[in-house]
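Report on the structure given below.
We did not get these values from a lab; they are worked out from the coordinates using the rules stated. Keep in mind it's a predicted model, so treat the numbers as computed, not measured. Here Cβ is always computed from backbone atoms with ideal geometry, including for glycine, and neighbour counts include all displayed protein chains.
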Amino acid sequence: MHSDAGATPVGILADLNAVAAASVIYLRLWHDGAKSQSKFWNQFAVTLGFAQGRKSLQAFDRLCALCALHGHRPMIKRTVNCHYLGSDEACFANFITTAADGVQADAMLIATLLVPPNIAPLITSLATDFGMALKQMHLDTPKALDGQIKPLFPPQVTLH
């Protein structure tokens, strides 16, 4: 098997819904390290409130750490600004959206593609928590970004 098989382009970020696109972008930022992670820590606290934002970020952090530690192989990611979607990223995005939509049996099945079966229930629970938080944030859709790949922020409301 080719070592970069997980990076094979299977789509474009702009074709994803907001939760799936955010899952991919935050995964990319998380893997870039602490400096990149700081770009979205504050966004969660402001949008969801301190306690819920922190809980959601802890779920995401633990989810990514468990996938990195127990993954069947290292997950291949593209750069944060890449418009293409790699096959590993597509699997991760589908996992998050399926868990957030409450389709737990399917989410568990997808989880076993990422990690051993004994870890699958734990990451499915974390994916559900994180995905639900993304839904609560009312993120912009990727098409609203006009070709810019960046963390998705809730639409700005102007009060007069």
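Descriptive notes on the structure:
- Once the Cα-Cα distance is subtracted from the 0.36 nm per residue extended length, the GLN52 to SER87 segment shows a gain of 9.6 nm.
- Gap separating the Cα centres of the stretch 38-53 and the stretch 63-123, nearest whole Å: 22 Å
- Annotation: amide H of GLY11 within the under-5 Å range of LEU85, sequence separation 5 or more or interchain, hydrogens built in the peptide plane.
- Using θ = phi - 60° and Karplus 6.51 cos²θ - 1.76 cosθ + 1.60, couplings along the stretch 57-69 (whole Hz; Gly, Pro as x): 5, 5, 4, 5, 4, 5, 4, 5, 5, 5, 5, 5, 6
- Rounded, prolate or oblate (a/c below 1.5 giving rounded, otherwise prolate when a/b exceeds b/c) for the stretch 64-117 by Cα gyration tensor: oblate
- Using R0 = 35 Å, the C-beta based FRET efficiency linking ARG73 and ALA14 works out to 0.80.
- Rounded if a/c under 1.5, otherwise prolate or oblate - the stretch 21-125, Cα gyration tensor axes: oblate
- Only one residue of GLN58, ALA105, PRO116 has its Cα farthest out toward the positive end of the dipole of the stretch 5-145, where Lys and Arg carry +1 and Asp and Glu -1 on Cβ, and that residue is GLN58.
- Distance between modelled label sites at LEU122 and HIS31, nm, 7 Å Cα→Cβ extension: 2.1 nm
- Modelled FRET efficiency - R0 30 Å, LEU113 with ALA45, Cβ distances, 0.05 increments: 0.40
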